[in-house]
Structures are given as C-alpha cells and as structure tokens.
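This report concerns only the one structure given below.
The values are calculated or read from the model by the stated rules, or taken from the named source; none is laboratory data. Everything quoted here is computed from the prediction, not taken from an experiment. What goes into the accessible areas is simple: the full protein's heavy atoms, side chains included, and nothing from ligands, DNA or RNA. Shrake-Rupley method; radii C 1.70, N 1.55, O 1.52, S 1.80 Å.
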Amino acid sequence: MRAFEFAVPFSRGWRLLFAALLLGAGAAHAQTDAGDPPARVARVAYAAGDLGLMPAGSTAWSAADINRPLTNGDKLSSGPDAKAELDLGGAALRIAGGSDLGVLNLNEQIGQFELTQGTLNLSVRNLDPGASYEIDTPTLALVLNQPGIVRVDVDGDGNATSVTVFDGVATVYGENHAQREVYSGRHYQFNDSALNNVVVDDSEGGDAFDVWCSGRDAQEANSAGAQYVSDDVVGSDDLDNWGSWEEDEDYGAVWYPANVAVGWAPYRFGHWVWIAPWGWTWIDDLPWGFAPYHYGRWAFMHNRWGWIPGPRRMRPVYAPALVAFVGSGRSGPVGWFPLGPRDVYNPWYRASRNYYTGVNLSNLDGGRYGDRGALATAIHHQYALYQGGRPIPASAYTYRHAAHALTAVSAQAFASARNVQSSQVHLNAQQMAAASVLAPAALQRPAAASFGRPRAVSARPLPSAAFNRTVVAVGRPAAALAATASARAGRPASQVRILDAHVNAAPRVITGEGFARPATRGVPAASRPAAPSLPQVPHFEQAQQIRPIEQAPRAQPQPSVQEEQQRFGAAQHSHEYVPEQARPYAPMREPNPSYEPQPRQYGMPQYAHPEQARPQEFHPSQNAPHPRESAPASPRNDSQH
C-alpha cells in the first residue's frame with residue numbers, strides 16, 4: 001500500500017519504522033478493533049420542514065440540525081411536506097415527507113437503513129469493490145452493489161413496498177429464499193413478502209420529490225474540488241460554493257472559506273453535542289461546516305485560515321472534532337484549538353492502535369516537504385502516551401499558545417450545547433499559560449441537553465409505532481443496536497428479521513434503456529483508467545496481498561415488462577419462486593453495459609494554478625434555508641490577528 005508519496009529522500013531506518021507502524025496497526029486490528037468507533041458517518045446535509053431526530057440510546061426526539069453526524073441506531077422522522085438529505089460520501093439518501101428512517105449499520109463496507117413508512121431515494125455515485133447499500137422494509141430488503149439510483153416507497157400500513165429503478169440494477173430479497181433483480185426504467189409493486197404478488201410496469205415521469213432529487217444529483221456531480229478531495233470525504237460537495245482552492249508552496253491544495261465573519265476561527269461558530277461512541281462532537285453552524293471539521297487539518301497562513309485535506313488516495317476516517325482541549329478541570333472554562341498541519345490527533349474516547357494510526361494517517365498530508373519519518377515517530381510515541389493515560393506535551397501542538405486559535409466557554413455552556421460564539425469566554429495571557437492540555441478523563445461530563453437540541457414547542461408529535469414494525473433484512477444490523485435497545489427500555493427499537501438469503505456480491509450487467517446518471521464528479525468517465533484497489537484504512541495490508549478484481553460478466557439483455565410480469569404471475573400461481581430463465585438472443589440495440597466494477601481512483605491530485613483552480617465565488621445573503629444557496633453576510637477579514 002502506498003500511504004504517502006515521498007517528495008524528499010527517506011532513510012532506510014525511517015522506512016522501516018513507518019512500515020512497522022502500518023503492519024503493527026494491521027496486527028492490532030484482529031484483537032482490539034471490535035471496540036473502535038465506525039470510520040464512517042452520515043451527515044444531515046439538507047432539511048426543509050419538520051424533521052425530528054432520535055439519537056441512538058435516547059428516549060426523546062430532538063431537532064435534526066444541519067451538519068449533525070448520524071450513526072448506527074439514529075432515527076429520523078419527517079413531517080408532511082418535509083424533505084431531507086443524508087450525505088454518505090459518494091452517495092446520497094433522501095427522504096420525503098411522512099417518512100420514518102433508521103440507521104441499522106453504517107461502516108466502510110455497508111450502508112444499511114430501515115424504512116418503516118414513507119419514501120426514500122438512494123443515489124450512489126461511487127462504490128468500492130465489495131461494498132453495498134441495503135434498504136430494509138416490512139416487505140422486502142433491497143440491495144444495491146453498484147452505482148445506481150432507486151426509489152423505495154412503503155405504504156402507511158406497511159403491507160406493500162414499491163421499488164422504482166431510475167438507473168442501474170438492484171436485487172430485492174423476500175421470504176422463502178425469494179429474490180429478484182429489478183431493472184432500470186421499471187416500477188415494481190410488491191404486495192407480499194414472498195415476492196409473488198407483484199405488478200411490474202414502465203416508470204413514467206415522476207413527482208416533485210423525484211425532480212428535487214434529480215436536481216441535487218446534478219449539483220453534486222459537478223464539483224471542482226473532486227480533484228483535491230476524495231469523494232468519500234462526507235460534506236466535500238459543499239466546499240465549491242463557499243470558498244476557493246489555492247495552491248500553497250508547502251501544502252499543495254488549500255481551501256479558504258469565503259466571507260467569514262470578523263473574529264472567525266475554526267470551531268468557533270457552532271456548538272458541542274455528545275454522540276456515542278465518540279463522545280464530544282462539534283456541530284458547525286455554517287452550511288459548509290462538516291468536511292473541514294471532521295477530516296484534514298487547519299493552517300493559519302497569510303493572516304487567514306485555510307483547510308488542508310488529507311491524502312486523496314486514502315480512504316478517510318471520520319473524527320468528531322480535530323482539536324485539542326485545554327483547561328483547569330471540570331469546574332473551570334473549557335477551551336480548545338484546531339490541530340495544525342502536522343499535529344497528531346489524540347481521541348478523547350477509546351481507540352486501538354490501528355484506529356489511532358488510521359484516523360491520523362488518513363487526515364494528515366504533511367505537505368510536500370514534510371518529514372514523514374517525524375510524522376511516523378510522532379504517531380508511534382504519542383499513542384504510547386495516549387494508551388498509558390499520560391498527558392500530551394503542549395509542544396506537540398502548533399496552535400497551543402496562539403490567542404487567535406483558542407476558543408473557550410464555561411463548563412456549563414460547553415455541556416449544554418450552547419452556541420459557542422455567543423457564550424465565548426476570553427482568557428488573558430496568564431490564564432492561557434496556566435491552562436493545561438486536558439486528558440480525556442478531565443473533560444466535562446454530558447448533560448441532558450448534550451444529546452440534541454430540543455424541538456420547537458409547536459412541532460408535531462413524533463411517531464414511535466411505525467418504528468416498531470418488523471423489517472426484513474439480508475445483513476445483520478450493527479452490534480451496538482442490540483446493546484442500546486436492551487439498555488434503553490421503552491425507546492422505539494429496531495425490529496429486524498434476518499432473511500435466509502445468499503447475496504451475490506458481484507454486480508450483474510444488464511443492457512437496456514436507463515435514465516442518465518451524472519458522471520463521476522470532476523473526472524470524465526472515459527478518462528478514468530483502471531487502477532489497483534487499495535486496502536481500506538484503517539485496516540492495513542501489504543500490497544501483494546490484494547486480490548485482483550474479477551471482471552463483470554458480459555452484458556445480458558434486459559427482460560421486457562411482459563416477461564417479468566409473466567414470471568411473477570407464474571410464481572404466484574404455483575406459490576413458489578420461479579427463477580429467471582435465459583431467453584434466446586434477439587437482435588437489439590448496440591449493447592450498453594450499465595456498469596463494470598472498477599477499483600476506486602485514489603490518485604495524486606494534479607494541482608492547477610491558483611487562478612485556474614479557484615471556482616467562482618458566491619456572495620449571497622446569510623439567512624437562507626438551503627445549505628448551498630447562500631453565504632454568510634459578514635465580509636472576509638484576511639488581516640485578522
């Protein structure tokens with residue numbers, strides 16, 4: 001695995017240390033990684049109308065804030081005429097009004113969700129080999145293991161599920177080993193869980209929700225920042241409209257936010273919440289405020305803050321906030337500052353060596369002339385301090401003594417999810433010098449308000465009965481869900497029945513008329529060469545252990561609506577599933593395979609000249625409901641501090 005491309009000579013001793021660090025992380029995985037937090041989350045990227053959130057382990061509904069991370073066990077409920085979007089990194093899941101959605105299992109390889117009622121749209125732009133998405137309903141489980149766009153509707157009583165495939169091919173699974181492929185351009189109405197009572201027809205047109213989803217897809221497919229940031233970095237789609245990319249001599253591509261307020265600094269305009277299993281998590285108020293606060297590093301250069309993404313060729317690992325805390329204990333003010341370009345992140349939650357290494361390597365680029373040997377040494381030595389519960393020296397942090405980087409609030413404001421900017425406490429030089437870097441055990445304990453902001457008093461009562469419906473599934477939900485459900489009596493718990501199904505991980509290529517899907521962001525399809533697959537960070541393995549990707553089967557003709565309906569009708573008549581039969585080849589249009597699996601393109605970005613790389617800046621007003629349609633009104637102040 002090529003974790004870094006070295007721009008300077010790297011001594012043999014440092015190479016051995018760096019390799020040992022990676023191999024040690026891989027060996028630690030087998031023994032200790034079971035307790036590590038997920039490396040991936042979903043993000044509430046858009047919300048309009050009434051949207052409620054029940055965090056995992058909670059018994060109460062709270063407000064679903066923009067930029068809130070969602071993880072296993074979280075539930076969303078949308079009111080009439082509401083809609084919302086979850087950014088999954090390379091995919092987007094959107095729900096319409098009157099929908100109840102739960103996160104069952106979200107990690108590097110699977111995105112599994114339950115829909116107990118309502119409507120969702122799943123649009124997958126990119127998918128790593130072996131990865132998949134699964135939508136579980138009371139009637140069926142739908143699995144998508146290749147890029148595509150599907151819509152799933154569950155009626156109000158949960159007795160029927162309809163599937164519309166706008167692009168690609170998916171597979172639905174039901175009771176009694178039933179499974180069916182569903183094709184692009186078709187609408188399927190499944191009225192029983194054995195997949196016998198089915199109505200198939202061509203999908204024609206669409207409603208307002210489909211139009212909105214299509215517009216969001218087109219917007220997210222054309223990102224100028226794709227050449228600098230991996231598509232797996234959740235929230236990176238928003239950066240183009242809210243700042244500009246410039247090339248720095250030391251760090252390469254750097255993103256600078258536009259029109260930030262006077263006195264702005266990273267981690268200053270937002271609030272802290274408690275999200276298990278990470279604990280304290282930053283929620284930023286600005287519409288672009290997700291990717292720069294959970295991936296990469298910040299740097300103060302030329303009298304302004306810029307964000308440096310992690311290596312584009314490595315799968316990113318999510319972090320709740322890339323900061324270090326300072327203070328004098330639980331009763332005094334709590335302060336923090338952003339980590340610098342070469343600072344090592346020390347989590348305030350349990351982390352194995354494998355996770356600790358991965359969350360740092362995937363978010364630290366170090367610059368073109370950085371000493372990678374020093375980085376490897378810092379990670380190795382600081383983990384020893386972290387594991388032993390010993391304090392990290394202040395000298396390990398770039399901005400420890402920088403007044404313009406430090407933000408502090410009272411302990412009560414910190415634990416109550418209060419707005420930081422309005423609650424900020426200004427420390428003098430003596431207080432800053434006396435404050436020490438806090439160990440995890442010294443951080444403030446969460447209060448009731450830490451788990452989520454309360455909903456408006458006038459908001460509708462949120463349901464719980466729909467979430468108690470049993471859904472059928474192919475994959476098993478995350479282990480944390482069962483533990484949470486047993487510990488929290490009375491909360492709406494996910495009811496999942498696992499089907500006895502054999503999932504074919506290799507996508508089947510089907511020819512036929514499909515709806516156009518936006519090309520991969522920023523890279524024309526014709527110009528994407530095949531490349532060897534990379535191991536998933538933080539699960540490291542040597543390059544020679546990577547297995548070659550099997551080629552997709554040759555394109556097969558897509559059956560007609562009449563043929564599909566005949567097969568379903570025969571199955572219903574005989575009360576058993578009739579597998580699809582191959583039909584004789586007939587002259588047809590020139591084959592157009594819908595998908596051939598290719599390993600993800602994690603290549604070095606080709607940095608353009610700053611004038612060429614900078615997208616057109618936006619200068620709209622600050623108050624707007626759409627994350628991508630407005631910008632903060634305060635003028636930019638590059639000369640601050």
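Remark on Arg68: its backbone amide H falls under 5 Å from those of Val44, a criterion applied only to residues 5 or more positions apart or on other chains, H modelled at 1.01 Å from N. Sequentially through region 216-221, phi angles give Karplus couplings (6.51, -1.76, 1.60; θ = phi - 60°) of 5, 4, 5, 5, 7, 7 Hz, Gly and Pro residues having no value and appearing as x.
For region 250-289, carbon and sulfur atoms together expose 62% of the accessible surface, with a 1.4 angstrom probe and every protein chain in place. Take the Cα coordinates of region 66-166, assign each an equal point scatterer, and use the Debye formula without solvent to give log10 I(q)/I(0) at q = 0.12, 0.17 Å⁻¹. With one equal scatterer per Cα and no solvent, log10 I(q)/I(0) is -0.34, -0.71. Counted residue by residue at 0.36 nm each, then reduced by the alpha carbon distance between them, the extension gain from Ala429 to Ala456 reaches 5.7 nm. Our note on the geometry: Cα centres of region 210-260 and region 91-114, 23 Å apart. Calculated accessible area for region 224-288 comes out at 20 Å² per residue, all protein chains present (probe 1.4 Å; ligands, DNA, RNA ignored).
Shape class of region 242-382 from the Cα gyration tensor (axes a ≥ b ≥ c, square roots of the eigenvalues): oblate, since a/c reaches 1.5 or more and a/b does not exceed b/c.
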